[in-house]
1. Inspect all residues belonging to the range 156-166 and state whether any of them is closer than 23 Å to residue 66 by Cβ, modelled with pLDDT of 95 or more and crowded, with 18+ Cβ neighbours inside 10 Å.
2. Please go through the range 88-99 and pick out each residue that is buried (at least 16 other Cβ atoms within 10 Å of the Cβ) and touching a residue at least 60 places away in the same chain (Cβ under 8 Å).
3. Residue under question is residue 121, and the condition is that it be over 12 Å from the mean Cα position of the chain (by Cα), free of Cβ contacts under 8 Å to residues at least 40 places away in the same chain and buried (at least 22 other Cβ atoms within 10 Å of the Cβ); does it hold?
4. Among the numbered criteria (1) in a helix (DSSP H, G or I); (2) closer than 13 Å to residue 75 by Cβ, which single criterion is violated by residue 165?
5. Hey, residue 113 hits all of (1) part of a strand (DSSP E or B); (2) crowded, with 21+ Cβ neighbours inside 10 Å but one; which does it fall short on?
6. Among the residues of the range 132-158, which ones are assigned to a strand (DSSP E or B) and either more than 17 Å from the chain's Cα centre (by Cα) or of a type in the set (D, E, K, R) (or both)?
7. From (1) within 24 Å of residue 65 (Cβ to Cβ); (2) at pLDDT below 95, pick out the condition that doesn't hold for residue 108.
Amino acid sequence: MERAAATIVTCLTVVALLCPLVAIAVWRTPEPIAPAMAEALLRLVDAWLNLAGRITRQEAIFQQELYIVIDKNQNQLYLFCGPHLLRRFPVATGRDLCTPEGEFSVLVKLVYPAWTSRYTGAVVAGGSPHNPLGSRWLGLSVGNCPGYSYGIHGTNRPDSIGQYASAGCIRMLNSDVEWLYPLICIGTRVFVVPSLSKLVFPPYRRNLEASSGPP
């Protein structure tokens, strides 16, 4: 009985803390939530889902609730939860607009990834200041080697952020990709689009509507 009462009190406390944050997330759309508040929101969501015995954030991601949008026109990365913008970051995308467009998912996560030159085969160890992948790698389901051909990663050239400077990957400042990395699970959807104005929000709803039509 005491354990059940303690659980109920904990759940009510989490809900009391969560509701104002959710309200802020809803009413501030499309303005991003402050980074600390976005982290608190996601962690409180995790706590509530676990206490209530409901789905985990990993399962929520597979239901397309948390996702990334890359806008090549503005060189911006947006992190959304449903229709609500949690945070946006400046990025660098491919020279000559070579970053692949479409709907992908995160297949690989690496901390301090090693880098191999496609031209010489030379390998630069992870963590080296000469490593162009920076401190984190989120590999996407695209390319000849899915998960490793193209990805969202850090950089050793922070001056390139905001430009069309990569060989097709999406570069972020190391501090930004380190903030994003723990929030992203394998299977998170990533939408790469020529312009955010051409995307219907939330983008996954298009798939739900298509799947609900006649067979």
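The values are calculated or read from the model by the stated rules, or taken from the named source; none is laboratory data. All values reported here derive from a predicted model rather than from experimental measurement. Virtual Cβ from ideal backbone geometry, glycine too; neighbours counted across all protein chains shown.
1. No; the residues of the range 156-166 include none that is closer than 23 Å to residue 66 by Cβ, modelled with pLDDT of 95 or more and crowded, with 18+ Cβ neighbours inside 10 Å.
2. 89, 91, 92, 93, 94, 99
3. Taking the combined requirement at face value, the residue does not satisfy it.
4. It fails just one condition, (1).
5. (1)
6. 136
7. Failing condition for residue 108: (2).
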